[in-house]
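Please read the structure below before turning to the comments.
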Amino acid sequence: MKLALFADVHANLEALTACLEHARSLGAGRHAFLGDLVGYGADPVAVLDLIARQAELGAVAVLGNHDAAALGRAGGPMNPHAEISLAWTRAQLGERQRAFLAALPLSARVGDMLFVHASALQPDRWTYVSGPVEAERSLGATEAGLVFSGHVHEQKLFYAGADGKPVPFTPVPGTPIPIARHRRWLAIAGSAGQPRDHNNAACYLMADLERLRLTFFRIPYDYRSAAHKIRAAGLPDRLARRLERGA
């Protein structure tokens, strides 16, 4: 069973469809969406409708801070460009999209896996799991052997060492990583819709649950069209440039 995981799509339809197509070509049978489905990008309705259809087919989806803010809930501190995009996003969403977002949980447990946007420790605090200290706190908040999250916009992996302390591991895109059952793992999928590591290729993660392997991917997509839509919508040009530059 192959599970494809997507985080921080941020209303980027071009990036999401490219990642879904790639995952499908590799035989993904299940999907998970790790929050921040909207915000920043210009296709919130199309993205939410697509993910809602996947959820009807059994995909896991959890709430992100931008999703919460789009509903008028507390989403944590936002920069001015994010606030502008969220105000615009709220005006685009219909009842169907708002109802879908409102029903999303902060986290979801499936077997030995936990899906959460930020840290598993107080997920509504939207803490960035940016290093071993935050990874230890997140892993310590759950008994799940595999924790999948987003929020950081970069691909990261931590595993619990012999002393139980998380050890960072830098994934190489396209290279499978064996995940031994005797260890616990925290994998951050990276951002499908707004990468920030100076590489504009979309990010996603594939978990082969039968062969016990994780593979991080970078997928080229039509970022020019996504950026053009942002500008055409009158959203801050900075948001379009982030897609073009990957930062």
Within region 123-140, work out how many residues are open to solvent by 10 Å² or more (accessible area, probe 1.4 Å) and within 17 Å of the chain's Cα centre (by Cα).
7
Within region 141-191, considering residues that are farther than 24 Å from ALA61 by Cα and among the polar types (S, T, N, Q), the one surrounded by the fewest Cβ atoms within 10 Å (Cβ to Cβ):
THR170
Restricting the search to region 84-116, which residues are touching a residue at least 24 places away in the same chain (Cβ under 8 Å), assigned to a helix (DSSP H, G or I) and of a type outside the set (A, V, I, L, M, F, W, C)?
SER85, THR89, GLN92, ARG96, GLN97, ARG98
Among the residues of region 192-236 satisfying the criterion of being within 16 Å of ALA42 (Cα to Cα) and of a type in the set (D, E, K, R), which is farthest from the chain's Cα centre (by Cα)?
ARG231
Screening ALA69, ALA74 for residues that are open to solvent by less than 50 Å² (accessible area, probe 1.4 Å) and touching a residue at least 24 places away in the same chain (Cβ under 8 Å) leaves only ALA69
Among the residues of region 219-229, is there at least one that is hydroxyl-bearing (Ser, Thr, Tyr), open to solvent by 10 Å² or more (accessible area, probe 1.4 Å), touching a residue at least 24 places away in the same chain (Cβ under 8 Å) and in contact with a Cys (Cβ under 9 Å, 6 or more places away or on another chain)?
yes
Every pair of residues 6+ apart whose Cβ atoms lie under 7 Å, when the first sits in region 146-165 and is on the phi > 0 side of the Ramachandran plot while the second is buried (at least 18 other Cβ atoms within 10 Å of the Cβ) and in a strand (DSSP E or B)
HIS153/SER191
With (1) in contact (Cβ under 8 Å) with a residue 60 or more places away in the chain; (2) surrounded by fewer than 19 Cβ atoms within 10 Å (Cβ to Cβ) as the list, and ALA28 as the residue in question, which single condition is left unmet?
(2)
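The values are calculated or read from the model by the stated rules, or taken from the named source; none is laboratory data. Everything quoted here is computed from the prediction, not taken from an experiment. Please note: Cβ atoms are built from the backbone with ideal geometry, for glycine as well, and neighbour counts cover all protein chains shown. Remember, those area values only see protein heavy atoms, side chains included, never the ligands or the DNA or RNA. Shrake-Rupley method; radii C 1.70, N 1.55, O 1.52, S 1.80 Å.
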